Amino acid sequence: MIRIICAVLLYSSLCFSQQTDEVDFLELNAEVEIDTLNRQVKGSVQVRFNALQNIDSVYLDAVDMSIEPLKDSPYKIVEKEDKVWITSNFKKGKTYIAEFSYECQPKQTVYFVGFESNLKQYPSQVWTQGQGKYTSHWLPSLDDMNDKLIFNITYLAPKNYEVIANGKLSRTRSRLDHKSWSYEMKHPMSSYLVAFAMGNFRGTTYKSDKGTPLQLYLETRHADKASFTYKHHEEIFNFLESKINVDYPWQNFKQVPVRDFLYAGMENTTLNIFSDSFVVDSIGGNDKSFVNVQAHELAHQWFGNLVTETSSRHHWLHEGFATFYALEVEREIFGEDYYYFKIFKSAEELKSLSDKGKGQVLVKTGGSSLTYYEKGAWALIILRDIVGQEVFQQAVKNYLTTHAYKNVTTDSFMDEVESVYGQNLTNFKERWLYQKAFQSKQTLGFLKKNEFIQDYMKLAAFRETRLNFKSERLDEALDFPVNEYLGQEAVYQLSNEDMTLALPIYKKALSTNNLFVRQAVASSLTRVPKALKTEFETLLDDDSYTTIEKSLLHLWMSFPEDRSLYLDKVKDVIGFQDKNVRLLWLTLNLATPDYEPKQKANTFQKLSGHTQPRYPYQIRQHAFGYLYQINTFTQKNYKNLMKGVFHPVWQFKKFCRELLDTLMKDDKHRENIEKLAKGFTIQEKTFFNNRY
Ligand SMILES: [Zn+2]
């Protein structure tokens with residue numbers, strides 16, 4: 001399962017003065033140069049706006065920028081308090097054009113990745129993340145999402161990159177060692193959806209059923225992974241467009257994976273930038289499905305990009321809808337059981353939180369992802385169940401077409417539903433939109449209509465029962481043809497049970513040949529009994545990097561006499577993009593003294609070297625974790641850890657800070673780290689002295 005973490009908007013339009021009452025920005029044309037050497041962004045902007053009142057000044061947000069008006073500018077244009085102020089005597093109803101140039105060194109929103117080394121494996125990239133991070137850090141624009149503009153941007157970058165951005169690529173030009181890419185939009189959008197990604201990318205174009213160009217990008221080194229990574233992409237697009245029943249509202253749809261991305265994916269208009277952890281080969285594709293993230297971000301092109309919340313109070317109109325429609329896509333591709341299992345799990349999570357008194361109102365500022373995404377999706381599932389598929393679909397269509405390219409509130413949607421339904425939905429609104437408690441009774445009633453869920457719940461009800469009273473049930477759950485969810489549940493219930501009774505059931509689970517049932521055995525059985533050794537060893541041959549990783553570890557722990565055999569077998573397996581198998585292999589190699597004894601120093605170097613900033617954060621995190629387990633850190637490792645403490649990916653930053661806290665509690669590590677303090681940068685010193 002993949003948890004999608006799109007940026008949650010931390011701001012509300014209330015934080016800003018209501019400039020939208022005084023001016024309507026219409027179009028922004030810009031030429032933007034990406035200076036990779038100085039990590040700067042500079043450019044020129046031409047902005048067209050309509051004065052809605054007689055006013056003397058309008059502004060664009062522009063954080064830490066130096067601004068230069070054109071020489072013969074008819075307006076006074078100055079930078080003040082993170083805004084570009086354009087001052088003159090603007091008359092109500094008239095349209096104006098202002099031009100200026102700017103320069104900045106963005107502290108966030110634009111990320112320069114891989115420039116600290118020239119590792120061939122990890123070519124440098126520059127990409128943006130505007131939601132929750134403000135596009136105004138690199139492009140003068142509007143932090144308020146209630147004013148939508150048409151953005152036409154030409155990007156200038158060194159020739160060896162490919163620049164991918166919003167809209168249609170209308171022209172490219174080469175200028176000496178630089179190249180320019182001109183992208184044009186047809187329709188207006190909120191500024192947080194402006195984005196670009198540049199890197200060593202190559203694209204392939206397909207066409208949807210209705211003729212929309214679908215452009216799939218990958219780094220050239222990953223060219224052979226396109227069909228596995230983007231599996232189902234056409235089906236997703238065509239299915240979603242027909243399910244939503246409103247034509248895709250933009251010129252094209254592009255997808256590009258980037259390294260060290262802050263979230264799973266981001267729905268920039270016409271451009272899904274997503275984490276390269278979803279780039280997979282034929283084996284990785286069995287474990288990591290990109291279907292959910294593809295569908296989720298694509299659904300946002302309607303829900304969020306075409307119709308945009310007026311403020312974060314209505315954020316579920318983005319995330320609830322995107323989650324709901326991604327589930328519909330998964331149901332189409334993976335089937336009913338998959339769908340019901342997933343919504344069952346999400347209901348369980350919401351119920352447990354709600355039972356602890358931590359339920360949240362859906363229509364509210366500052367909700368958790370679980371609320372906006374999962375509770376939002378559930379609200380729509382129940383709503384559709386109440387009004388019926390036909391009414392639901394018509395109401396969604398009316399909602400999208402009435403408010404196209406504009407902003408919406410929860411009422412904008414509910415009014416359309418009530419109008420098509422012909423009755424008010426007060427009870428639904430009270431229970432689902434404005435109540436903290438999760439409506440678990442109603443949810444359960446809905447779920448129980450599904451036969452598979454009934455079977456699953458019957459089996460799950462045995463979790464607390466001792467094995468001798470339920471072994472027949474578990475055995476039955478593994479009958480051919482096995483249902484993978486029931487099969488996995490049966491395996492998990494064997495944990496910590498009497499092995500004599502459990503053994504035949506484990507054997508049966510392994511003989512199902514179902515990848516995920518077998519994976520459940522690999523993951524949950526940490527001490528493998530001798531009687532299961534031969535069967536368990538076959539897990540090392542499964543087409544799953546997760547299964548290989550888990551079974552290698554558990555075999556290594558259970559059978560010390562065969563450690564070399566296992567290490568030999570997995571020697572050449574790398575795993576996912578985060579090298580999960582490879583890094584475990586290096587660690588187990590180091591912990592097996594008689595395996596490749598003469599190469600131990602070299603093996604350690606390999607593991608230890610993966611903590612360097614030039615590697616993706618997921619690899620570094622594994623490497624730090626394993627070094628901690630073997631309790632060996634070099635001076636370089638400490639230095640690399642210190643750099644991780646400031647990483648833009650918050651999960652990794654948190655991991656590094658916590659690891660550093662743990663090491664500082666140990667006398668030996670503390671002494672070593674303190675010795676390095678003299679060489680710290682000012683930023684590192686400040687952090688270190690404040691924390692310890
Ligand atoms: Zn989302």
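Taking the conditions exactly as written (of a type in the set (Val, Ile, Thr) and more than 15 Å from the ligand (Cβ to nearest atom)), does Thr310 satisfy them or not? Yes: the conditions hold for Thr310.
For segment 340-354, the count of residues that are among the acidic types (Asp, Glu), more than 15 Å from the ligand (Cβ to nearest atom) and modelled with pLDDT of 95 or more is nonzero.
Could you tell me whether Asn238 is modelled with pLDDT of 95 or more, away from the ligand (no atom under 11 Å from the Cβ) and part of a helix (DSSP H, G or I)? Yes; evaluated as a whole, the condition is true for this residue.
Are any residues in segment 421-436 surrounded by fewer than 15 Cβ atoms within 10 Å (Cβ to Cβ) and within 26 Å of Thr365 (Cβ to Cβ), and if so, which ones? It would help to see each step written out before you state the result.
Just the residues of segment 421-436 that are surrounded by fewer than 15 Cβ atoms within 10 Å (Cβ to Cβ), to begin with: 422-424, 426-427, 430, 434, 436.
Correct list: Asn424, Thr426, Asn427, Glu430, Tyr434, Lys436.
Cβ separations smaller than 6 Å between residues 6+ apart or across chains give the following pairs from segment 365-378 residues that are within 15 Å of Lys345 (Cβ to Cβ) to residues that are within 12 Å of the ligand (Cβ to nearest atom) and at pLDDT 95 or above: Tyr373/Glu319; Tyr373/Thr323; Ala377/Gly320; Ala377/Thr323; Ala377/Phe324.
Out of the strands (runs of 3 or more DSSP E) lying entirely within segment 14-107, which hold 1 or more residues that are among the aromatic types (Phe, Trp, Tyr) and buried (at least 16 other Cβ atoms within 10 Å of the Cβ)?
On the way: elements: 23-35, 40-51, 55-61, 65-69, 76-80, 83-90, 95-104.
So the answer is 23-35, 40-51, 55-61, 83-90, 95-104.
Only residues that are open to solvent by 20 Å² or more (accessible area, probe 1.4 Å) and part of a loop (DSSP other than H, G, I, E, B): list them for segment 336-361, please. Those that are open to solvent by 20 Å² or more (accessible area, probe 1.4 Å) and part of a loop (DSSP other than H, G, I, E, B): Lys356, Gly357, Lys358, Gln360, Val361.
Take the conditions out of contact with any helix residue (DSSP H, G or I) (no Cβ under 8 Å at 6 or more places or on another chain) and either in the same structural domain as Pro158 (by TED's automatic domain parsing) or aromatic (Phe, Trp, Tyr) (or both) and apply them to Ser101. Does it pass?
Numbers: out of contact with any helix residue (DSSP H, G or I) (no Cβ under 8 Å at 6 or more places or on another chain): yes; either in the same structural domain as Pro158 (by TED's automatic domain parsing) or aromatic (Phe, Trp, Tyr) (or both): yes.
When the stated conditions are applied, Ser101 passes them.
Going by the conditions given, is Gly265 within 12 Å of the ligand (Cβ to nearest atom) and in contact with a strand residue (DSSP E or B) (Cβ under 6 Å, 6 or more places away or on another chain)? For Gly265, the condition - within 12 Å of the ligand (Cβ to nearest atom) and in contact with a strand residue (DSSP E or B) (Cβ under 6 Å, 6 or more places away or on another chain) - is met. Within segment 551-570, residues that are within 20 Å of Phe516 (Cβ to Cβ) have Cβ atoms under 7 Å from residues that are among the acidic types (Asp, Glu) in these pairs: Leu555/Glu537, counting only partners at least 6 apart in sequence or on another chain.
Filtering segment 229-280 to residues that are of a type in the set (D, E, K, R), open to solvent by 10 Å² or more (accessible area, probe 1.4 Å), touching a helix residue (DSSP H, G or I) at 6+ places or on another chain (Cβ under 7 Å) and within 25 Å of Gly132 (Cα to Cα) leaves only Asp260.
Checking the condition of a type outside the set (Lys, Arg) and either assigned by TED's automatic domain parsing to the domain that holds Ala264 or surrounded by 19 or more Cβ atoms within 10 Å (Cβ to Cβ) (or both), which residue from Asn602, Asn672, Asn637, Asn690 passes? If you could, list the steps in order and put the result at the bottom.
Values: Asn602 fails: either assigned by TED's automatic domain parsing to the domain that holds Ala264 or surrounded by 19 or more Cβ atoms within 10 Å (Cβ to Cβ) (or both); Asn672 fails: either assigned by TED's automatic domain parsing to the domain that holds Ala264 or surrounded by 19 or more Cβ atoms within 10 Å (Cβ to Cβ) (or both); Asn690 fails: either assigned by TED's automatic domain parsing to the domain that holds Ala264 or surrounded by 19 or more Cβ atoms within 10 Å (Cβ to Cβ) (or both).
Selected residue: Asn637, the only one of Asn602, Asn672, Asn637, Asn690 that is of a type outside the set (Lys, Arg) and either assigned by TED's automatic domain parsing to the domain that holds Ala264 or surrounded by 19 or more Cβ atoms within 10 Å (Cβ to Cβ) (or both).
Total residues in segment 576-606 satisfying the condition of being assigned to a loop (DSSP other than H, G, I, E, B), without any contact (Cβ under 8 Å) to a residue 60 or more places away in the chain and under 20 Å from Lys288 (Cα atoms): the figure is 1. Residue-level analysis places Ser511 among those that are modelled with pLDDT of 95 or more, of a type in the set (Ser, Thr, Tyr) and open to solvent by 50 Å² or more (accessible area, probe 1.4 Å). Among the residues making up segment 281-295, those that are within 12 Å of the ligand (Cβ to nearest atom) and either part of a loop (DSSP other than H, G, I, E, B) or of a type in the set (A, V, I, L, M) (or both) are Val293, Ala295.
Would you check which residues across segment 125-144 are out of contact with any helix residue (DSSP H, G or I) (no Cβ under 6 Å at 6 or more places or on another chain) and either among the hydroxyl-bearing types (Ser, Thr, Tyr) or in a loop (DSSP other than H, G, I, E, B) (or both) and list them?
Of all residues in segment 125-144, those out of contact with any helix residue (DSSP H, G or I) (no Cβ under 6 Å at 6 or more places or on another chain) come to 125-129, 132-134, 136-140.
Within segment 125-144, Thr128, Gln129, Gly132, Lys133, Tyr134, Ser136, Trp138, Leu139, Pro140 qualify.
Would a scan of segment 296-303 turn up a residue that is more than 16 Å from the ligand (Cβ to nearest atom), part of a loop (DSSP other than H, G, I, E, B) and not assigned by TED's automatic domain parsing to the domain that holds Phe516? The answer is no; no qualifying residue exists.
For (1) open to solvent by less than 30 Å² (accessible area, probe 1.4 Å); (2) more than 29 Å from Gly284 (Cα to Cα); (3) among the hydrophobic types (A, V, I, L, M, F, W, C); (4) assigned to a loop (DSSP other than H, G, I, E, B), each residue gets a yes or a no:
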| site | (1), (2), (3), (4) |
| --- | --- |
| Phe480 | no, no, yes, yes |
| Glu489 | yes, no, no, no |
| Glu497 | no, yes, no, yes |
| Leu501 | no, yes, yes, no |
| Tyr506 | yes, no, no, no |
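Figure legend. Inter-residue proximity from segment 46-68: first residues at pLDDT below 95, second residues surrounded by fewer than 20 Cβ atoms within 10 Å (Cβ to Cβ) and of a type in the set (Asp, Glu), beta-carbon distance below 6 Å, spacing 6+ or different chains. No pairs are indicated. Checking each residue in segment 313-324 for being open to solvent by less than 10 Å² (accessible area, probe 1.4 Å), in contact (Cβ under 8 Å) with a residue 60 or more places away in the chain and more than 9 Å from the ligand (Cβ to nearest atom) picks out His315, Trp316, Leu317, Gly320. Of the candidates Asp287, Asp281, the single residue that is at pLDDT 95 or above, farther than 21 Å from Leu400 by Cβ and of a type in the set (Asp, Glu) is Asp281.
So, Phe624, is that one of a type in the set (Phe, Trp, Tyr), closer than 27 Å to Trp127 by Cα and either modelled with pLDDT of 95 or more or in a helix (DSSP H, G or I) (or both) or not?
Working: of a type in the set (Phe, Trp, Tyr): yes; closer than 27 Å to Trp127 by Cα: yes; either modelled with pLDDT of 95 or more or in a helix (DSSP H, G or I) (or both): yes.
For Phe624, the condition - of a type in the set (Phe, Trp, Tyr), closer than 27 Å to Trp127 by Cα and either modelled with pLDDT of 95 or more or in a helix (DSSP H, G or I) (or both) - is met.
The values are calculated or read from the model by the stated rules, or taken from the named source; none is laboratory data. Fair warning: this is a prediction, and the values are worked out from it, not measured in the lab. Cβ coordinates were reconstructed from backbone atoms using ideal geometry, including for glycine residues, and neighbour counts include every protein chain displayed. Surface accessibility is based on the protein's heavy atoms, side chains included, excluding ligands, DNA and RNA. Shrake-Rupley method; radii C 1.70, N 1.55, O 1.52, S 1.80 Å.
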